[in-house]
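So the structure is just underneath, and the comments pick up after that.
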Amino acid sequence: MTRTDTPPAWDERTQLTTFLDYVRATAVAKCEGVSPEDAVRAPLPDSPLMTLCGLIAHLRWVEYFWFHVMFLGEPDEGPLAQATEDDPDPEMRLAVDVPLPQLLAEYEEQSARFRDLVAAHDLDTGAQRTFRDGRQFDLRWIVLHLIEETARHNGHLDIVRELLDGTKGA
């Protein structure tokens with residue numbers, strides 16, 4: 001996939017999906033060429049889960065939660081279902097035991113499935129499940145939220161990568 005933020009058409013759906021694909025591809029690009037040791041190293045002393053592996057796992061499981069669990073209403077069989085007040089990010093903690101190439105492959109495979117899901121539904125389609133506070137989100141909001149979430153964590157990936165080996169940009 002070519003990484004671009006310029007959509008091939010200017011309708012709402014194409015703009016939203018282009019930006020989601022762009023931020024996904026940027027997350028992947030920020031991990032290119034990193035050593036296996038650096039992929040699980042946390043360079044921020046007060047953030048032991050802030051690793052490249054942890055961030056990619058987080059992005060993967062957040063998309064899973066919003067598309068698979070909330071939008072489709074499927075059972076939550078991901079690590080976020082085990083989150084507690086004492087362990088709010090189990091997906092990031094568990095990621096240190098999974099090689100970065102595997103995490104990236106799983107993220108890209110899942111992104112392709114969810115790309116098809118978004119293409120098959122109207123953006124006004126409501127999620128099958130309501131949020132904890134009773135709000136129901138539509139597909140448009142979910143895609144926008146995931147663009148924001150992924151872009152925010154791309155900033156974290158950028159900082160972590162620069163601290164690890166000096167690599168900037170991507």
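Bear in mind these aren't lab numbers, they're just calculated from the coordinates by the rules spelled out. Not measured: the values here are computed from a predicted model. All Cβ positions, glycine included, derive from the backbone under ideal geometry; neighbour counts span all protein chains shown.
Mind listing whichever residues of region 1-48 are assigned to a loop (DSSP other than H, G, I, E, B), within 17 Å of PRO101 (Cβ to Cβ) and of a type in the set (Asp, Glu)?
Matches in region 1-48: GLU32 only.
Please tell me if PRO8 is over 23 Å from ARG135 (Cα atoms) and not aromatic (Phe, Trp, Tyr).
Yes, satisfied.
Any chance you could count how many residues in region 49-84 are in a loop (DSSP other than H, G, I, E, B) and of a type outside the set (Gly, Ala, Ser)?
9
Has region 131-150 got any residue that is of a type in the set (Ser, Thr, Tyr), in contact with a Lys or Arg (Cβ under 9 Å, 6 or more places away or on another chain) and touching a residue at least 24 places away in the same chain (Cβ under 8 Å)?
Within region 131-150, one or more residues are of a type in the set (Ser, Thr, Tyr), in contact with a Lys or Arg (Cβ under 9 Å, 6 or more places away or on another chain) and touching a residue at least 24 places away in the same chain (Cβ under 8 Å).
Failed condition for SER47, given (1) hydroxyl-bearing (Ser, Thr, Tyr); (2) within 21 Å of LYS168 (Cα to Cα); (3) buried (at least 19 other Cβ atoms within 10 Å of the Cβ), with all others met?
(3)
Could you list, ordered by first residue, the pairs with Cβ atoms under 8 Å in which the first is in region 83-101 and closer than 15 Å to TRP61 by Cα and the second is assigned to a loop (DSSP other than H, G, I, E, B) and among the acidic types (Asp, Glu), at least 6 apart or interchain?
Here the result reads ALA83/ASP89; ARG93/ASP87, each pair linking region 83-101 to a residue that is assigned to a loop (DSSP other than H, G, I, E, B) and among the acidic types (Asp, Glu).
Would you confirm whether or not region 114-122 contains a residue that is touching a residue at least 60 places away in the same chain (Cβ under 8 Å), part of a loop (DSSP other than H, G, I, E, B) and not charged (D, E, K, R)?
So far as region 114-122 goes, no, none of its residues is touching a residue at least 60 places away in the same chain (Cβ under 8 Å), part of a loop (DSSP other than H, G, I, E, B) and not charged (D, E, K, R).
Does at least one position in region 24-46 carry a residue that is closer than 26 Å to ARG140 by Cβ, in contact (Cβ under 8 Å) with a residue 12 or more places away in the chain and in contact with a Leu (Cβ under 7 Å, 6 or more places away or on another chain)?
Checked region 24-46: at least one residue is closer than 26 Å to ARG140 by Cβ, in contact (Cβ under 8 Å) with a residue 12 or more places away in the chain and in contact with a Leu (Cβ under 7 Å, 6 or more places away or on another chain).
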